[in-house]
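Written below as structure tokens is the structure these notes are about.
The values are calculated or read from the model by the stated rules, or taken from the named source; none is laboratory data. In this text the structure is predicted, and so the values were computed from the model without any measurement. Note: ideal-geometry Cβ built from the backbone for every residue, glycine included; neighbour counts use all protein chains shown. Accessible surface is based on the protein model in full, side chains and every heavy atom, while ligands, DNA and RNA are left aside. Shrake-Rupley method; radii C 1.70, N 1.55, O 1.52, S 1.80 Å.
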Amino acid sequence: MKIIVQRSGGVAGMKRTWTVRPEPPEDTDRWQPLIEACPWDDVAGPGEATGQPDRFMYSIRADQRRAVLPERELTGPWRDLVECARAAAEEAGPAEIG
Amino acid sequence: MFRSVAYRSAAYRSGGYCSIVPPYLLRRLAAQQEPGFSGAAEAAQKALLHVKSFQAARAELTLLAVPAARGLKPGAPERTIYDARSLEQLPGSLVRNEGKPPSGDPAADEAYDGLGHTHRLYADAFGRDSIDGKGLPLEATVHYGKRYDNAFWDGRQMVFGDGDGVVFERFTKSLSVIGHELAHGVTQFSGGLNYRNQAGALNESLSDVFGALVEQYAKQQSTAEASWLIGEGLFTDQVQGAALRSMKAPGTAYDDDVLGKDPQPDSMDSYVRTSADNGGVHINSGIPNRAFCLVATALGGNAWDAPAQIWYDTLTGGTLAPNATFGAFAKATVASAKELFGADSKEHDAVRSAWETVKVKL
Ligand SMILES: [Zn+2]
């Protein structure tokens, strides 16, 4: 299992990437409900997702699933997944950039 | 790319921001009703309503955007600063409003002063009465979110985060960033530029141009004296970099072990194609940014004079389509320079040659 969160935009325009590789079975069992809680099929494509000026854009991947969300749509299960991925990735090591 | 620099993760840990994964996950799942979530959704809905009403009023606003031509004089600013107290709810609680003495909170007072400097540039240089051209009260919220590494314009007000303290300081520290955010409002009220691809990069560039002008005017710096940096002073001293962007030399603002190198191109030869950042709006803005700086450098003196008049006329003249390309924008600046200063003027020459240098075809 592999979860990748990429945050782009913001007034600084700096790209940040957080990657998590949960170990089966304990870790993957914890991540699975977080991933399943997200409405992957209900997000507009990247073409539709235009944000307010200077807000972040999120590209979220969990294995084969992918979603692109403007910051203001990063709520509920999406926000949980992103914040957990960021925390886990930063716990594992320094953030990847680029 | 994985760079191993210890300070970032160490600082996050010492700040108690995260813990080992399993308990954190459980806490997050248990805390889905955190007030910040509903607040952010509510704010987004509010902003959407405002965008709709702005679009309906577009034609009228475009006319009103030039009050000097209508014999009106810009009034005094009407500022209100709010404190979100680390939540993501807008606007937050009132900290300081117009005419009140400093609050003692540096973020609130920097925002208050920054709004004043911005209002003054538009009034003095362009005869424009506030962001909408008709005296819109200026509102800003500081201390938005926790360790929030950003500042933005939500369609009706400015919002400033405190930064994470590791890479970024509080975002009110830079006057060019305050001016940048308010310029997004000016662009919106002038008819708008789609926030994607080249139109989005133009939207970003206009914010950098007017953000830099606010700072230069406040400091009374000539083109030669100015730094032409956007967001100077925002990085902590742990970051190897001067600012977020350099208008004079795009791609040179920072080069850091952790953050990497400033990715801005300085001409169409190195235009960046990407799906991230709404199509690279904060990246390719380097190209029109440099064009403006080249015009100012060629003409000398103060950038808020002829160079700014040409760019302001282009933005507010009503000829710029919301999906304008760099080429369309460049042509519009040439037309503005010709109209304002004549076909044989040095201003017209400077604009043409600037776009040639950055390889945007006219
Ligand atoms: Zn911007």
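Restricting attention to region B:267-284 and to residues that are more than 16 Å from the ligand (Cβ to nearest atom) and outside any loop (DSSP other than H, G, I, E, B), the residue that is surrounded by the fewest Cβ atoms within 10 Å (Cβ to Cβ) turns out to be B:Asp269.
Quick one: is B:Leu294 farther than 20 Å from B:Ser190 by Cα, of a type in the set (A, V, I, L, M) and in contact (Cβ under 8 Å) with a residue 24 or more places away in the chain?
When the stated conditions are applied, B:Leu294 passes them.
A Cβ distance below 6 Å, combined with a sequence gap of six or more or placement on separate chains, defines the contacts here; from region B:165-191, residues that are aliphatic (A, V, I, L, M) reach residues that are at pLDDT below 95 and assigned to a helix (DSSP H, G or I) in the pairs B:Val166/B:Arg8; B:Val166/B:Ala11.
Given the condition open to solvent by less than 30 Å² (accessible area, probe 1.4 Å), aromatic (Phe, Trp, Tyr) and closer than 29 Å to B:Asp305 by Cα, answer yes or no: does some residue in region B:134-144 qualify? No, that holds for no residue.
Look at (1) modelled with pLDDT of 95 or more; (2) more than 16 Å from the ligand (Cβ to nearest atom); (3) within 14 Å of another protein chain (Cβ to nearest Cβ) and you find that B:Gly114 fails only one, number (2).
Of the helices (runs of 4 or more DSSP H) lying entirely inside region B:288-362, those carrying at least 3 residues that are acidic (Asp, Glu) are B:346-357.
On the basis of being surrounded by fewer than 24 Cβ atoms within 10 Å (Cβ to Cβ) and out of contact with any helix residue (DSSP H, G or I) (no Cβ under 7 Å at 6 or more places or on another chain), does B:Glu225 make the cut? Criteria met by B:Glu225.
Does B:Phe171 satisfy the condition of being within 12 Å of the ligand (Cβ to nearest atom), hydrophobic (A, V, I, L, M, F, W, C), in contact with a strand residue (DSSP E or B) (Cβ under 9 Å, 6 or more places away or on another chain) and farther than 15 Å from B:Pro288 by Cβ? Here the answer is yes, as B:Phe171 does meet what is asked. Considering region B:179-219, and only residues there that are away from the ligand (no atom under 11 Å from the Cβ) and charged (D, E, K, R), the residue that is most open to solvent (accessible area, probe 1.4 Å) turns out to be B:Lys219.
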